[in-house]
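Chemist: Encoded as structure tokens, here's the structure I'll be asking about.
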Amino acid sequence: MSLRKTLPIHPGRWLAIALALLLAGCQMQPPEPPDEDKAAIDRMLGLLDERLDVAPLVAQSKWNSGAPIEAPEREAQILDQVAEDAEAAGVDEDFARRFFEKQFEASKQIQRRLHHQWLQEGRSTFADPPDLAEEVRPVLDRLTPQLIDSLADIQRIAAVEGSGRYLERRAAELVQDDFDGEPRNVSIQPLLERLAR
Ligand SMILES: O=C(O)C(=O)C[C@]1(C(=O)O)C=C[C@@H](O)C=C1
């Protein structure tokens, strides 16, 4: 028996079947945020990457000075500024605080891992370390208001379907993956908690 007899589908029907399959395929694609929201997410990830890049400089400076990695008074000072800037930008204060606490945690993670590594290597002091107060902290201080502006964007698009999934995917491309990507995961965690999947 020929195939044509067992499956008597009129040629015109194939088009309808192909169209139906195409439509089903489209519906199965997870939703993507609009381009403008994607750009806002990319901007945030770029800033997070810049902030993480500062941590090794802090680590060098503290390796030489022997200052502790944990600097609670400095964190408190940043958080005071954050509370003020967040209010002005219409960003939820608890969200902003949690976000920055995670950035401190990510930075400390990098610093601890580097100090551990240098200790194992028996490293001496660095010949020309950056000055923490004069050179390094000002870089972080310049990033703080930019991050707050970016948090305002994140807050605005929080309910956009697919925004969390997009951020997770792009973080792997735009944010450094040093130390097995653990600091990166810590830094994006408060954003993933906020954004819709
Ligand atoms: O400024 C420092 O001393 C840092 O180590 C940087 C930083 C930060 O990420 O802003 C991280 C940990 C400290 O507890 C305080 C601040």
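The values are calculated or read from the model by the stated rules, or taken from the named source; none is laboratory data. Because the structure is a prediction, the values reported are computed rather than measured. Ideal geometry is used to build each Cβ from the backbone, glycine not excepted, and the neighbour counts take in all protein chains shown. Ligands, DNA and RNA are stripped out before the accessible areas are found, and what is left, the full protein with its side chains, is counted by its heavy atoms. Shrake-Rupley method; radii C 1.70, N 1.55, O 1.52, S 1.80 Å.
Chemist: Taking the condition away from the ligand (no atom under 16 Å from the Cβ), over 21 Å from the mean Cα position of the chain (by Cα) and of a type in the set (D, E), does E121 pass? Lay out the reasoning, then the answer.
Modeler: Numbers: away from the ligand (no atom under 16 Å from the Cβ): yes; over 21 Å from the mean Cα position of the chain (by Cα): yes; of a type in the set (D, E): yes.
Answer is yes for this residue.
Chemist: Could you tell me whether the stretch 13-31 includes any residue that is part of a helix (DSSP H, G or I), closer than 21 Å to R169 by Cβ and of a type in the set (K, R)? Even if it seems obvious, please write down each step before you answer.
Modeler: So in the stretch 13-31, the residues part of a helix (DSSP H, G or I) come out as 13-28.
Remaining after also requiring closer than 21 Å to R169 by Cβ: 25-28.
From what's left, of a type in the set (K, R): none.
No: zero hits.
Chemist: Counting only residues that are over 24 Å from the mean Cα position of the chain (by Cα), aliphatic (A, V, I, L, M) and within 12 Å of the ligand (Cβ to nearest atom), how many does the stretch 124-142 have?
Modeler: 2
Chemist: When you go through (1) charged (D, E, K, R); (2) closer than 18 Å to A59 by Cα; (3) assigned to a helix (DSSP H, G or I) one by one for R165, which number turns out not to apply?
Modeler: Evaluating R165 over (1) charged (D, E, K, R); (2) closer than 18 Å to A59 by Cα; (3) assigned to a helix (DSSP H, G or I) leaves (2) as the failure.
Chemist: Restricting the search to the stretch 109-146, which residues are exposed (fewer than 10 other Cβ atoms within 10 Å of the Cβ) and part of a helix (DSSP H, G or I)? I'd like the intermediate steps shown before the answer.
Modeler: Taking the stretch 109-146 as the starting set, the residues that turn out to be exposed (fewer than 10 other Cβ atoms within 10 Å of the Cβ) are 120-122, 124, 127-128, 133-134.
Q120, E121, A133, E134, listed by residue number.
Chemist: So how many residues does the stretch 48-76 have that are in a helix (DSSP H, G or I) and within 9 Å of the ligand (Cβ to nearest atom)?
Modeler: Here is the first cut: in the stretch 48-76, the residues in a helix (DSSP H, G or I) are 48-65, 72-76.
Checking the rest, the ones that are also within 9 Å of the ligand (Cβ to nearest atom) come to 51, 54-55, 58-59, 61-62, 72-75.
The total comes to 11.
Chemist: Pairs needed: first member in the stretch 67-79, at negative phi; second member anywhere, more than 8 Å from the ligand (Cβ to nearest atom) and open to solvent by 20 Å² or more (accessible area, probe 1.4 Å); C-beta distance under 9 Å; at least 6 residues apart or different chains.
Modeler: Once the first residue is at negative phi and sits in the stretch 67-79, its partners that are more than 8 Å from the ligand (Cβ to nearest atom) and open to solvent by 20 Å² or more (accessible area, probe 1.4 Å) give I69/R112; I69/H115; E75/E101; I78/D141; L79/R97; L79/E101.
Chemist: Could you please let me know if A96 is under 20 Å from the mean Cα position of the chain (by Cα) and either away from the ligand (no atom under 16 Å from the Cβ) or without any contact (Cβ under 8 Å) to a residue 60 or more places away in the chain (or both)? Don't jump to the end; show me each part of the working.
Modeler: Values: under 20 Å from the mean Cα position of the chain (by Cα): yes; either away from the ligand (no atom under 16 Å from the Cβ) or without any contact (Cβ under 8 Å) to a residue 60 or more places away in the chain (or both): yes.
The answer is yes for A96.
Chemist: Further, regarding this structure: Restricting the search to the stretch 99-118, which residues are among the hydrophobic types (A, V, I, L, M, F, W, C), under 15 Å from V58 (Cβ atoms) and away from the ligand (no atom under 11 Å from the Cβ)?
Modeler: Once the filter is applied, which keeps residues that are among the hydrophobic types (A, V, I, L, M, F, W, C), under 15 Å from V58 (Cβ atoms) and away from the ligand (no atom under 11 Å from the Cβ), the stretch 99-118 yields L114, W118.
Chemist: So in the stretch 147-197, with the set limited to residues that are open to solvent by 60 Å² or more (accessible area, probe 1.4 Å) and under 17 Å from A89 (Cα atoms), which one is farthest from the chain's Cα centre (by Cα)? First the steps, then the outcome.
Modeler: Taking the stretch 147-197 and keeping what is open to solvent by 60 Å² or more (accessible area, probe 1.4 Å), we get 149, 156, 159, 161, 165, 168-169, 172-173, 177-178, 180, 182, 185, 189, 193-194, 197.
Okay, now just the ones that are also under 17 Å from A89 (Cα atoms), so 149, 156.
Numbers: D149: 15, R156: 16 Å.
If we take residues in the stretch 147-197 being open to solvent by 60 Å² or more (accessible area, probe 1.4 Å) and under 17 Å from A89 (Cα atoms), then R156 is farthest from the chain's Cα centre (by Cα).
Chemist: Step by step: first the residues of the stretch 51-89, then only those that are closer than 16 Å to I154 by Cβ and not small (G, A, S), then the one that is most open to solvent (accessible area, probe 1.4 Å). Which residue is that? Walk me through how you get there before you give the answer.
Modeler: Narrowing the stretch 51-89 to residues closer than 16 Å to I154 by Cβ: 51, 82, 85-86, 89.
With the extra rule that they be not small (G, A, S), the set shrinks to 51, 82, 85.
Values: R51: 16, V82: 4, D85: 38 Å².
For the stretch 51-89, the residue satisfying everything is D85.
Conditions tested, residue by residue: (1) touching a Pro at 6+ places or on another chain (Cβ under 9 Å); (2) without any contact (Cβ under 8 Å) to a residue 12 or more places away in the chain.
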{"residue": "R112", "(1), (2)": "no, no"}
{"residue": "L119", "(1), (2)": "no, yes"}
{"residue": "L140", "(1), (2)": "no, no"}
{"residue": "Q146", "(1), (2)": "no, no"}
{"residue": "G162", "(1), (2)": "yes, no"}
{"residue": "E168", "(1), (2)": "no, no"}
{"residue": "G181", "(1), (2)": "no, yes"}
{"residue": "S187", "(1), (2)": "no, no"}
{"residue": "R197", "(1), (2)": "yes, no"}
